[in-house]
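Below is one structure, written out as C-alpha cells; the observations come after it.
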Amino acid sequence: MQVAAGLARRLAALGLWLAAFAAPLAAHGVSAADRAFLESGGLVAFLYLGAKHMVTGYDHLLFLLGVIFFLYRLKDVALYVTLFAVGHSVTLLGGVLGGVHVNAYLVDAVIGLSVVYKALDNLGAFKRWFGVQPDTRAAVLLFGFVHGFGLATKLQDFALARAGLVPKIVAFNVGVEAGQFLALAAILIVMAYWRRTAAFERQAFVSNVLIMASGFLLIGYQLTGYVLE
C-alpha cells in the first residue's frame, strides 16, 4: 500500500508539473514589444534582451539544471557551463552573422531532446540499458551548438539593419551569458540547500523524471508546431 501510495503521489506531481509547464509554452518566443525594442534599440537593448531571453528560457534552464544536478564542485560546474557557453556562442554568432538558417521548430525540438538526454544521463539509463556511458563533456558542447542555433533563430526573425550588426549580436550574446550566470547562481543556491536535506537522494530520481517528461513535452510541442506550420 505504501509503495502504491508513493507511486500515486509521484504521478500526481508529474501531472501537476506538466499542467503548470504547458502554460508558458504558448508564450515561447519574443513578444511584439520586445521585437520593436530590439529592432529600434542600440547595444543596451540587445544586451538586455539577451539576458532576458536566457533568464526566461525554460528550455535552456532545464538543460542547465540537468547538467549541474549532480555536480558538487565549482570547478566542475565552471567546466560544463563554459563548454555550454562556448557551444551556443559559436552557433549564435555564426548563425546570425553567417546567415545559417535552420527551422526554429526543429532546432527547438532538438533542444527538448537535450533536456531528455541529460535527465536520462543523470538517471544512469545509458549505462544500464546499453552498457556505455556517453562523454558528458562532448554532449554538453554539442548540445550547446544546438542551443546557440535556437537563439539565432529568434534574432533571424527580426528586421535587423546590417550597419553595426556585429557589435549588436555580440552585445546580445554578452547579455545571454549574463542571464545564464544569474540564472545559474540562483539554481546553485537552491541546489546547495536542497542537497543538505535527507530527502535529496530520494527526490533526485523523481526530479529527473520530471525534467525528462518536460523535455518530451517540449519535443512534442515543437514538432506539433512544425507539422501545423
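To the nearest 20 debye, what charge dipole does region 30-228 have about its Cα centre, counting +1 at the Cβ of each Lys and Arg and -1 at the Cβ of each Asp and Glu?
Numbers: 14 positive and 10 negative charges, 86 e Å.
Its charge dipole is roughly 420 debye.
What are the ³J(HN,Hα) couplings of region 189-198, residue after residue, when phi is run through the Karplus curve with 6.51, -1.76, 1.60 and θ = phi - 60°? Round to Hz, x for glycine and proline.
4, 5, 5, 4, 6, 5, 5, 7, 7, 5
Give the cross-link partners of LYS154 among the lysines, using a straight C-alpha distance below 16 Å as the criterion and excluding same-chain residues fewer than 8 apart.
Candidates past the 8-residue exclusion: LYS52, LYS168.
How many Å³ per residue does the convex hull of the Cα positions in region 30-228 occupy?
Roughly 125 Å³ of hull volume per residue.
FYI, it's all coordinate maths here, none of it is from the lab. Not measured: the values here are computed from a predicted model. Note: ideal-geometry Cβ built from the backbone for every residue, glycine included; neighbour counts use all protein chains shown.
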